1. Give me the percent of the accessible area of the stretch 56-139 that comes from carbon and sulfur atoms, probe 1.4 Å, all protein chains in place.
2. How far is the Cα center of the stretch 135-161 from the Cα center of the stretch 62-133, in Å?
3. Please report the equivalent ellipsoid semi-axes of the stretch 1-127, computed as sqrt(5 x eigenvalue) of the Cα gyration tensor, largest first, in whole Å.
4. What is the Rg over Rh value, at two decimals, for the stretch 11-59, using alpha-carbon atoms and the Kirkwood definition of Rh?
5. In what sequence, largest accessible area first, do Ser54, Ser256 appear using a 1.4 Å probe?
6. If you wrap a convex hull around the C-alpha atoms of the stretch 217-272 and split its volume per residue, what is the figure in Å³?
7. Counting helices only, and only those DSSP H runs with n ≥ 4, report the 222 nm mean residue ellipticity of the chain as the sum of -39,500 (n - 2.57) divided by its residues, in deg cm²/dmol to the nearest 500.
8. What percent antiparallel are the DSSP beta bridges of the chain, to the nearest 5?
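The values are calculated or read from the model by the stated rules, or taken from the named source; none is laboratory data. Since this is a predicted model, take the numbers as computed values, not measurements. Here Cβ is always computed from backbone atoms with ideal geometry, including for glycine, and neighbour counts include all displayed protein chains. For the accessible areas, the whole protein counts, side chains as well, though only heavy atoms, and no ligand, DNA or RNA atoms are used. Shrake-Rupley method; radii C 1.70, N 1.55, O 1.52, S 1.80 Å.
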Amino acid sequence: MLVKIKDFSIGRGHPLVFIAGPCVIESHEGCLKLAEKLKMIFQPKKIPFVFKASYDKANRTSVHSYRGPGIKEGLKILADIKRQVGVPVLSDVHGAEDVPLAAETLDILQIPAFLCRQTDLIVAAAKTGKPVNMKKGQFLAPWDMKSVVEKIRSTGNEQILLTERGTSFGYNNLVSDMRSLVIMRESGYPVIYDATHSVQLPGGQGNVSGGERKMIVPLARAAIAAGCDGLFLEVHETPETALSDAATMLPLQDLSCLIEQVLEIHKVVSCK
């Protein structure tokens with residue numbers, strides 16, 4: 001099954017897609033500039049690219065953590081990016097009541113991992129007819145995503161992406177089981193690997209999550225070798241100053257090298 005986003009498709013036999021952008025919208029100007037810089041990296045290589053930024057991070061570790069500008073202001077910013085930069089946009093939706101408004105702007109509706117069993121939210125997103133990116137919960141086995149897929153398909157929507165972002169492994173740690181990508185791909189829908197959230201150490205720094213940024217590149221390479229259809233990467237010009245997920249975002253300056261590496265791997269594993 002192919003998922004169609006504007007002028008490109010995601011799935012077997014098609015180019016590797018990249019979903020990239022900051023964890024959360026920090027400012028209108030900063031987000032717009034980053035989107036433009038990302039386009040300048042991807043467009044010359046004719047790489048399908050979706051800009052990602054959350055307008056609300058509803059699952060922050062601390063009540064004092066920055067969550068974003070909120071749905072109304074956030075969607076205005078994403079709409080500006082979509083119009084001015086000319087790229088499709090993705091963001092998280094956290095409640096069924098937010099779906100209609102979000103669907104007016106977003107090209108892909110994303111269901112966060114912690115909400116992957118919220119039936120009303122999933123069905124509401126699916127009923128828009130828009131592509132739905134389902135993140136696999138850290139607490140789910142890959143074969144359990146079949147039930148999540150069925151919730152979306154029950155609405156007649158077949159535009160489904162499944163994203164792996166690590167599985168809970170004891171306390172404050174995640175593990176990436178590359179078998180998960182193969183198993184979920186057997187559902188017939190494209191599978192994305194989230195190389196940045198997968199290196200997270202949830203709550204690992206007390207009131208914020210930690211992470212192992214150095215593991216982003218090797219895990220991304222492994223995921224492409226396992227045959228996934230795209231990469232999800234949170235990117236920031238200066239991750240150390242980021243207002244969310246500072247420990248796990250990829251520095252913008254490192255993106256081009258990673259792209260070159262995974263494209264070569266994808267070329268090899270895509271040979272028939």
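1. 49
2. 17
3. 23, 19, 13
4. Rg/Rh: 1.05.
5. The ranking, largest first, comes out as Ser256, Ser54.
6. 68
7. -9500 deg cm²/dmol
8. 20
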